Amino acid sequence: MELPKIPLKPQKPQNTEEIILDIRQDGLSTNSAKKNGTSLLDLYNQLNQWVIAQSPIKLQEKLLFFEMLAATLNAGIPVAEALRMLETQSRNPRMGTIIRGMRQSIESGDSLAQAMENTDDVFDKATASIIAAGEKSGKLNEVMKELVMQYERMDMIGKKVKSVMTYPIVVIGFMILAAIVVMIFVVPKLTELFAGSENLPTPTRILVAMSDFFIHKWGLLLVGVTAVTVLFTMWKNSPQGKKDWTMFLLSLPILGEFTQKIVLSRVTRIFSFLITSGVPIIDSLRIASDVAGNVVYKRKFLLAADDLTRGIEISENFSDDPKLFPQMLVKMLAIGEKTASMGSILNKVADFYDEELDRKIKTISKLMEPFIMVVMAIGVGFLLMAIYLPILKMNDTMM
């Protein structure tokens with residue numbers, strides 16, 4: 001028996017368009033997320049690169065770089081390969097970036113000195129000129145060793161100066177902090193105690209007035225200090241302000257002589273090294289002017305370089321300003337010019353100023369302790385007088 005044919009119910013075709021649309025929407029959302037993720041990652045990388053670019057390069061890091069570079073070059077490793085090794089050894093990300101840029105510059109055909117000139121905010125003109133002289137003379141290894149010694153001397157002087165200045169800065173900072181605490185928290189209580197008293201002693205009235213100013217007019221004080229700081233910074237950064245401020249520092253009894261010896265020690269050492277490395281004297285004077293770090297000395301060295309082109313000797317140029325250049329230095333320069341031994345004589349002068357600087361640092365460190373003690377005694381004595389004089393006066397009145 002033949003079964004009747006049952007007509008099959010036609011099935012609705014699947015809505016493939018909707019599925020495809022969903023897939024496209026998912027893909028679009030995924031791509032959008034990827035784009036957003038990429039943009040956030042790029043923003044993070046840009047911010048990270050900006051932070052790295054702003055990080056300072058300390059003198060110790062440059063000293064370590066030159067020590068390791070001198071060691072690798074002495075071992076016979078090419079400069080580009082040595083820099084490739086050093087860029088992964090640096091702990092400072094910015095220093096690693098700078099070394100990488102120097103290596104890429106050398107691989108593109110530049111010399112080591114030219115690669116350093118591209119980073120003049122890290123390596124000064126004197127360093128690049130010394131490296132260039134070493135490359136031209138074929139004595140790069142010897143020049144690198146001498147450069148390491150120069151940076152070691154600079155690092156040693158910097159550490160000595162910091163060690164001398166750290167103690168007074170810390171003590172004075174604590175004194176200022178203690179004075180602010182007394183003004184804000186202690187003096188108001190004393191003001192309540194002496195509220196009924198008349199004819200307070202002068203130290204007490206001064207202390208109370210200062211406390212009221214700190215508490216009630218701190219905003220005006222903050223604005224005043226900020227305005228004075230900004231105006232002073234603008235004046236000091238102006239050409240005339242730089243000159244006047246430098247001359248003021250040089251005219252101070254102890255600090256002026258100390259500043260003079262630091263500048264002369266650095267300049268004579270670099271000047272001597274540039275001459276012995278084969279750099280012309282005129283170029284050496286101009287490079288040494290950048291090393292001075294002092295606008296007055298820089299102007300004087302540039303003037304001496306210009307006068308030397310007209311036949312005026314360096315010693316004759318420096319002899320008219322004994323405040324900047326002592327007679328001993330002028331006479332040694334004259335001897336060096338007459339005997340054609342400027343480099344060796346300036347090296348001895350630099351050794352002399354290094355020793356003088358060491359003695360001056362020891363003298364200042366010995367004078368700092370009694371100076372700080374006197375300042376602390378004056379401050380504590382003023383506070384004791386301001387607090388105890390009215391109390392003693394009240395006791396006398398009650399008696």
Charge dipole (debye, nearest 20) of the chain; +1 at Cβ of Lys and Arg, -1 at Cβ of Asp and Glu: 420
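Give the longest segment of the chain that steers clear of trypsin sites (Lys or Arg not before Pro) in DSSP loops with at most 10 neighbouring Cβ atoms within 10 Å, not counting the sites themselves.
That would be 92-309.
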Extended-chain gain in nm, criterion 0.36 nm per residue less alpha-carbon gap, Phe185 and Asp110: 20.5 nm
Extreme residue, positive dipole direction of the chain, given options Thr268, Leu147, Pro239 (C-beta unit charges): Pro239
Charge context of Phe185, other residues only, Cβ under 15 angstrom, K/R +1, D/E -1: -1
Chain lengthening between Leu222 and Ser251 when straightened (0.36 nm per residue, less Cα-Cα): 7.3 nm
Most positive-pole-ward Cα, Met385, Ser344, Leu308, against dipole of the range 289-399 from beta carbon charges: Met385
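How high is the FRET efficiency from Gln46 to Thr363, r the C-beta distance, R0 41 Å, rounded to 0.05?
Given R0 = 41 Å and the Cβ-Cβ separation, E is 0.20.
Evaluate E = 1/(1 + (r/R0)^6) for Gln240 and Glu61, where r is the Cβ-Cβ distance and R0 equals 35 Å; express this FRET efficiency to the nearest 0.05. Walk me through the numbers before you get to the answer.
Values: r = 35 Å, r/R0 = 1.00.
After rounding to 0.05, the efficiency reads 0.50.
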Span-rule helices in the chain, defined as complete DSSP H runs reaching 30 Å or more along the axis (Cα) with Kyte mean at least 0.0: 140-181, 255-276, 342-398
Efficiency of FRET between Ile282 and Met175 - r from beta-carbon atoms, R0 56 angstrom, step 0.05: 0.65
Dipole-positive endmost among Leu285, Val187, Thr202 within the range 156-399 (Cβ charges, Cα centre): Leu285
Flagged links, alpha-carbon separation over 24 Å, of Lys145/Lys300; Lys300/Lys331; Lys160/Lys243; Lys145/Lys348; Lys160/Lys331: Lys145/Lys300; Lys160/Lys243; Lys160/Lys331
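All of the numbers you see were taken from the coordinates with simple rules; none came from a lab. What you see is a predicted model; the values in this text were computed from it and never measured. In this analysis, Cβ positions are derived from the backbone assuming ideal geometry, glycine residues included, and neighbour counts consider all displayed protein chains.
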